[in-house]
């Protein structure tokens with residue numbers, strides 16, 4: 001899973017049914033004219049990206065730019081209409097002022113990707129309120145403090161003052177979000193009741209500890225600010241002054257803002273229902289079908305995705321049976337699942353020492369894989385990768401693991417976050433596959449390489465198609481096995497368990513949002529078909545509910561990458577080079593699956609000719 005956006009999770013990634021990568025040249029256009037048109041188009045992309053960047057202090061920070069360092073993005077519902085107007089204006093410019101036939105291949109692909117992106121922004125305006133801004137996965141109540149902790153560096157007094165400024169501006173952000181919650185309820189868009197318990201608890205956690213109450217333990221934000229300021233080369237008096245100002249901001253701005261949000265959430269919770277799927281929304285079926293298209297970049301229906309999931313679950317169960325026999329376990333597959341869930345050999349203790357041991361071994365897996373990258377890749381990222389535990393303030397509701405991309409300027413490495421809140425949900429037999437997915441050769445290879453490609457415009461460097469990015473992450477769990485990793489059969493079982501988990505997602509996501517499964521039915525399906533802890537199942541089902549369609553992308557994307565690789569092997573025989581194949585997959589930035597298929601087909605043709 002990728003933690004890419006410091007702001008709210010967007011329900012839609014992108015559907016880009018762009019046909020063909022190769023572009024037929026217009027023989028009437030000279031190379032000079034083509035060069036001029038490409039330059040004009042790229043200037044337009046750069047100009048529009050700069051406008052977006054100017055409007056997003058949070059993106060600036062994410063990219064390592066300290067321009068509006070003391071501000072937040074605009075979270076007002078009025079911005080939806082502003083963004084719609086901007087998208088229509090940009091689309092009109094592309095249609096009226098850019099000659100697509102005069103663009104070279106790279107620019108032509110960017111043209112089609114950007115044009116489709118704009119069309120979808122316009123189409124999706126009708127669903128602008130079809131999300132939950134405050135939810136247990138990527139709710140704004142947790143995103144703001146997570147952003148300050150993970151993104152806001154303090155290298156000077158001015159940076160510290162900018163941090164304090166952001167603390168003082170949290171009330172405005174939360175006011176805008178609260179208005180959005182009110183509008184969503186008016187439009188019959190409200191989370192089910194369980195979401196409120198999570199978000200209210202997390203919000204209360206943010207305003208506990210010093211200086212919000214008499215305590216020797218500092219609050220999460222005060223601890224973060226203090227640690228960063230203490231590292232500055234400033235006189236002790238100045239540091240104390242800054243820390244005191246931060247305390248005032250926390251008490252006078254942050255605390256009342258969160259208390260007001262909690263009051264509103266508690267009020268809405270009284271009207272929340274036990275209906276979990278988006279079928280309950282007005283036009284809910286249309287919304288979910290669109291969400292699946294945006295997420296998978298395919299035209300697969302909910303029923304088709306459901307059936308793919310059922311078939312994959314059956315196949316993986318069969319492979320697990322083989323491992324069960326290999327290790328000499330006497331009993332049914334369900335007995336084996338119970339053994340894997342409960343046997344102490346597969347779990348570290350939920351102590352500081354146990355958590356440190358987990359992190360150390362995860363780092364060791366990644367470092368070993370680093371030493372084998374030349375066998376698999378021609379292009380490798382310059383950015384480093386670090387492994388960290390999810391911070392205490394959000395670990396209870398955050399996902400099992402996720403990746404945060406490095407800063408473009410190299411000032412921040414990529415980060416693999418492991419959630420060690422519940423050590424029973426982090427079995428050691430899954431540790432290896434999880435490290436490969438979130439770290440190397442998974443998301444870090446993919447995202448850091450994309451960010452470092454000089455040839456791509458910024459919108460493609462930062463682009464995100466869930467089926468592509470998460471499909472690669474899941475594919476990256478399998479690749480190490482093919483070069484001799486997973487020597488321990490239990491670790492190989494863990495790899496299969498994670499692929500099984502993603503296959504179950506196809507069944508359950510569509511079950512909840514299309515077939516009207518209840519939360520309890522969905523949890524039971526996970527428990528009956530996987531070795532994971534019940535807490536894993538609960539957390540995943542609750543994720544499906546607030547992020548409709550998103551979790552279907554992993555297996556759909558992996559299947560497509562494997563299908564393309566097998567096709568290339570059949571076509572090229574001894575000329576097939578896995579390193580070249582991975583270059584084709586990774587050196588265009590994030591792209592829809594059908595565009596990836598076009599690139600692979602072109603590579604095959606070039607190799608054969």
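The values are calculated or read from the model by the stated rules, or taken from the named source; none is laboratory data. Owing to the predicted nature of the structure, the values given are computational and were not obtained by experimental measurement. Cβ: placed from backbone, ideal geometry, glycine included. Neighbour counts: every protein chain shown.
Take residue 403 and tell me if it is touching a residue at least 60 places away in the same chain (Cβ under 8 Å), in contact with a helix residue (DSSP H, G or I) (Cβ under 9 Å, 6 or more places away or on another chain) and more than 11 Å from residue 385 (Cβ to Cβ). So that I can check it myself, show each step before the final result.
Working: touching a residue at least 60 places away in the same chain (Cβ under 8 Å): yes; in contact with a helix residue (DSSP H, G or I) (Cβ under 9 Å, 6 or more places away or on another chain): yes; more than 11 Å from residue 385 (Cβ to Cβ): no.
Against the criterion (touching a residue at least 60 places away in the same chain (Cβ under 8 Å), in contact with a helix residue (DSSP H, G or I) (Cβ under 9 Å, 6 or more places away or on another chain) and more than 11 Å from residue 385 (Cβ to Cβ)), residue 403 does not qualify.
Return only the number of the condition from (1) surrounded by 16 or more Cβ atoms within 10 Å (Cβ to Cβ); (2) at pLDDT 95 or above; (3) part of a helix (DSSP H, G or I) that residue 357 does not satisfy.
(1)
Output yes when any residue across segment 186-201 is crowded, with 17+ Cβ neighbours inside 10 Å and more than 30 Å from residue 131 (Cβ to Cβ), and no when none is.
No.
Please state which one of 53, 109, 15 is within 27 Å of the chain's Cα centre (by Cα), surrounded by 16 or more Cβ atoms within 10 Å (Cβ to Cβ), part of a helix (DSSP H, G or I) and modelled with pLDDT under 95. Let's see the steps before the verdict.
Details: 53 fails: modelled with pLDDT under 95; 15 fails: part of a helix (DSSP H, G or I).
Only one candidate qualifies: 109.
Based on what the data block shows, is residue 286 under 30 Å from the mean Cα position of the chain (by Cα), part of a helix (DSSP H, G or I) and either in the same structural domain as residue 169 (by TED's automatic domain parsing) or closer than 30 Å to residue 547 by Cα (or both)?
Working: under 30 Å from the mean Cα position of the chain (by Cα): yes; part of a helix (DSSP H, G or I): yes; either in the same structural domain as residue 169 (by TED's automatic domain parsing) or closer than 30 Å to residue 547 by Cα (or both): yes.
Considered against the rule, which asks whether it is under 30 Å from the mean Cα position of the chain (by Cα), part of a helix (DSSP H, G or I) and either in the same structural domain as residue 169 (by TED's automatic domain parsing) or closer than 30 Å to residue 547 by Cα (or both), residue 286 comes out as yes.
Would you check which residues across segment 227-248 are touching a helix residue (DSSP H, G or I) at 6+ places or on another chain (Cβ under 6 Å) and more than 14 Å from residue 156 (Cβ to Cβ) and list them?
Within segment 227-248, the first condition is being touching a helix residue (DSSP H, G or I) at 6+ places or on another chain (Cβ under 6 Å), and the residues that meet it are 229, 239, 242-243, 245-246.
Listed by number, the residues that qualify are 243, 245, 246.
Residue 293 fails exactly one of the following numbered conditions: (1) in a helix (DSSP H, G or I); (2) touching a helix residue (DSSP H, G or I) at 6+ places or on another chain (Cβ under 8 Å); (3) closer than 28 Å to residue 126 by Cβ. What is the number of that condition?
(2)
Within segment 519-537, which residues are under 20 Å from residue 496 (Cα atoms) and outside any loop (DSSP other than H, G, I, E, B)?
Within segment 519-537, the first condition is being under 20 Å from residue 496 (Cα atoms), and the residues that meet it are 523-537.
Result: 523, 524, 525, 526, 527, 528, 529, 534, 535, 536, 537.
Under 8 Å between Cβ atoms, which residue pairs at least 6 apart in sequence (or on different chains) link something in segment 292-315 that is at positive phi with a partner that is assigned to a helix (DSSP H, G or I) and surrounded by 14 or more Cβ atoms within 10 Å (Cβ to Cβ)?
Listed pairs, sorted by first residue: 297/467; 297/468; 297/593; 297/594.
Let me confirm something: among 310, 333, 300, 292, which residue is assigned by TED's automatic domain parsing to the domain that holds residue 423 and either under 17 Å from residue 492 (Cα atoms) or loosely packed, with under 12 Cβ neighbours inside 10 Å (or both)?
Numbers: 310 fails: either under 17 Å from residue 492 (Cα atoms) or loosely packed, with under 12 Cβ neighbours inside 10 Å (or both); 300 fails: either under 17 Å from residue 492 (Cα atoms) or loosely packed, with under 12 Cβ neighbours inside 10 Å (or both); 292 fails: either under 17 Å from residue 492 (Cα atoms) or loosely packed, with under 12 Cβ neighbours inside 10 Å (or both).
Unique residue meeting the criteria: 333.
Could you tell me which numbered condition residue 311 fails, if it satisfies all but one of (1) modelled with pLDDT of 95 or more; (2) not in a helix (DSSP H, G or I)?
For residue 311, the failing item is (2).
Need a quick list: helices (runs of 4 or more DSSP H) entirely within segment 117-236 having at least 3 residues that are within 30 Å of residue 293 (Cα to Cα) and within 27 Å of the chain's Cα centre (by Cα). Before the answer, list the steps.
Values: elements: 140-150, 157-186, 193-206, 220-230.
Per the criteria, 140-150, 157-186, 193-206.
Would you confirm whether or not segment 337-347 contains a residue that is surrounded by 14 or more Cβ atoms within 10 Å (Cβ to Cβ), touching a residue at least 24 places away in the same chain (Cβ under 8 Å) and not in a helix (DSSP H, G or I)?
Yes, there is a match, as at least one residue in segment 337-347 is surrounded by 14 or more Cβ atoms within 10 Å (Cβ to Cβ), touching a residue at least 24 places away in the same chain (Cβ under 8 Å) and not in a helix (DSSP H, G or I).
Give the residue, chosen from 560, 555, 569, 516, that is at pLDDT 95 or above, out of contact with any strand residue (DSSP E or B) (no Cβ under 7 Å at 6 or more places or on another chain) and in a loop (DSSP other than H, G, I, E, B).
On the way: 560 fails: in a loop (DSSP other than H, G, I, E, B); 555 fails: in a loop (DSSP other than H, G, I, E, B); 569 fails: in a loop (DSSP other than H, G, I, E, B).
Criteria check complete, one pass: 516.
Inspect all residues belonging to segment 518-525 and state whether any of them is farther than 16 Å from residue 137 by Cβ, surrounded by fewer than 23 Cβ atoms within 10 Å (Cβ to Cβ) and in contact (Cβ under 8 Å) with a residue 24 or more places away in the chain.
So in segment 518-525, the residues farther than 16 Å from residue 137 by Cβ come out as 518, 520-521, 523-525.
From what's left, surrounded by fewer than 23 Cβ atoms within 10 Å (Cβ to Cβ): 518, 520-521, 523-525.
After this cut, where a residue has to be in contact (Cβ under 8 Å) with a residue 24 or more places away in the chain as well, the list is 518.
Yes, segment 518-525 contains at least one residue that is farther than 16 Å from residue 137 by Cβ, surrounded by fewer than 23 Cβ atoms within 10 Å (Cβ to Cβ) and in contact (Cβ under 8 Å) with a residue 24 or more places away in the chain.
For residue 362, all conditions in the list (1) over 19 Å from residue 473 (Cα atoms); (2) surrounded by 16 or more Cβ atoms within 10 Å (Cβ to Cβ) hold save one; what is the number of the exception?
So the condition that residue 362 fails would be (1).
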